[in-house]
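The values are calculated or read from the model by the stated rules, or taken from the named source; none is laboratory data. In this text the structure is predicted, and so the values were computed from the model without any measurement. Using ideal geometry, Cβ is built from the backbone for each residue, glycine included, and neighbour counts are taken over all protein chains shown. What goes into the accessible areas is simple: the full protein's heavy atoms, side chains included, and nothing from ligands, DNA or RNA. Shrake-Rupley method; radii C 1.70, N 1.55, O 1.52, S 1.80 Å.
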Amino acid sequence: MEAEIQDSLDRVRGWLAGARHACALTGAGISAESGIPTFRGAGGLWRQFRAEELATPQAFARDPRLVWEWYDWRRGIVAGARANPGHHALAALESRLPRFTLITQNVDGLHRRAGSRNPIELHGSIWKLRCTRCSREHGDDRVPLPHLPPHCDCGGLLRPGVVWFGEGLEPEVWHNAHEAVRSADLLLVIGTSAVVYPAASLAPLARASGARVVEINAGETPLTAAVDCTLRGLAGEILPRLAQ
Ligand code: NAD
């Protein structure tokens, strides 16, 4: 088994070394080893709710305080967490390779904390708050927030600066991710169940544009059958070996 992984690691290292433009797409799995629950794994429930019941505009319209309590709890977990060797390895690759674009579905900000300079945050950030009335967005890293639900200076209700299930991505953010993947010759897909769209369409796009696709995941996903190489295991163990 170890020999097999070593073989695959050597192969992917070779691809990285020869890549003109490498991209990485990360999901909740890369932050799991920092102690941040994924949505679909163990610990994905808060009180009795599934994430899909809370991370929606409908849930927020129905009960903004409840949704904010969940975000306040998640912000608390992330505030007490540290970036792990997987995040650090991606920051190291970025500083070493001629061109490297990091695209993340995560909203926790841990890639930036690890030193990644300009991650494309497809789903926004839990450290941003946006006004539902005047649309202004600002950063706020207080944990816990003093009042739930928080309000803007204009009196409007503030919401988390994230993209919820059923909402569209920020067009410019999606454009940047799409263009990066289209021009990449290698895409690493790390710790994502590859079921949340449109992010999940980036791997097929990379393949259609002629790039090699490598999956790094603790388990199997709908993408596994369609990649050039699978590195099965924990992102925090595999990525540092890849970046060596
Ligand atoms: P997901 O919860 O659907 O899937 C997580 C994936 O990571 C699974 O395929 C699992 O096998 C894999 N995994 C778990 N631990 C791993 C590890 N240590 N190393 C490698 N792989 C591991 O997550 P998703 O696909 O990202 O989709 C859920 C949506 O919710 C996304 O938008 C996601 O970013 C968001 N979310 C974000 C956070 C965060 O910001 N940290 C946490 C939960 C959910």
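Please report the net charge: other residues with Cβ closer than 14 Å to the Cβ of Val67, K and R +1, D and E -1.
Around Val67, the charge tally is +2.
Determine the gain in length on full extension of the stretch Leu157-Ala42; use 0.36 nm per residue of separation and subtract their C-alpha separation, reporting nm with one decimal.
This chain segment gains 38.2 nm when fully extended.
Run the accessible area of the chain with a 1.4 Å probe and give the carbon-and-sulfur part as a rounded percent.
51 percent
Give, rounded to the nearest 20 debye, the magnitude of the charge dipole that the chain has about its Cα centre when Lys and Arg contribute +1 at Cβ and Asp and Glu contribute -1 at Cβ.
Details: 27 positive and 26 negative charges, 82 e Å.
Dipole size: approximately 400 debye.
Give the accessible area for Phe49 in Å² (nearest 10); use a 1.4 Å probe, count only protein heavy atoms, and leave out ligands, DNA and RNA.
Approximately 50 Å² of Phe49 is accessible to the 1.4 Å probe.
Short version: ³J(HN,Hα) in whole Hz for each residue of the range 68-77, in order, from phi by Karplus 6.51 cos²θ - 1.76 cosθ + 1.60 (θ = phi - 60°), x for Gly and Pro, what are they?
Residue by residue, the range 68-77 yields 5, 4, 5, 5, 5, 5, 5, 4, x, 4 Hz.
Can you give the net charge of the other residues whose Cβ lies under 12 Å from the Cβ of Pro119, counting K and R as +1 and D and E as -1?
Net of charged neighbours comes to 0.
Would you mind checking the range 153-187 for residues with the amide N under 17 Å from a putative spin-label position 7 Å along Cα→C-beta of Ala81?
Of the residues in the range 153-187, 161-163 have backbone N under 17 Å from the label point off Ala81.
In Å², what does the accessible area per residue of the range 124-190 work out to with a 1.4 Å probe? Let's see the in-between values first.
Working: 3450 Å² over 67 residues.
Here the residues of the range 124-190 average 51 Å² of exposed surface.
What does a probe at Arg133 reach in the range 64-90, counting residues whose amide N is under 18 Å from the point 7 Å along Cα→Cβ?
64-65
Can you give me the solvent accessible area of Cys23 with a 1.4 Å probe, rounded to the nearest 10 Å²?
0 Å²
Taking springs between alpha-carbon atoms closer than 10 angstrom, which of Arg182, Arg142, Arg159 fluctuates most in the Gaussian network model of the chain?
Of Arg182, Arg142, Arg159, the Gaussian network model singles out Arg142 as fluctuating most.
Measuring with a 1.4 Å probe in the full set of protein chains, what accessible area per residue, in whole Å², belongs to the range 1-61?
For the range 1-61, the solvent-accessible area averages 51 Å² per residue.
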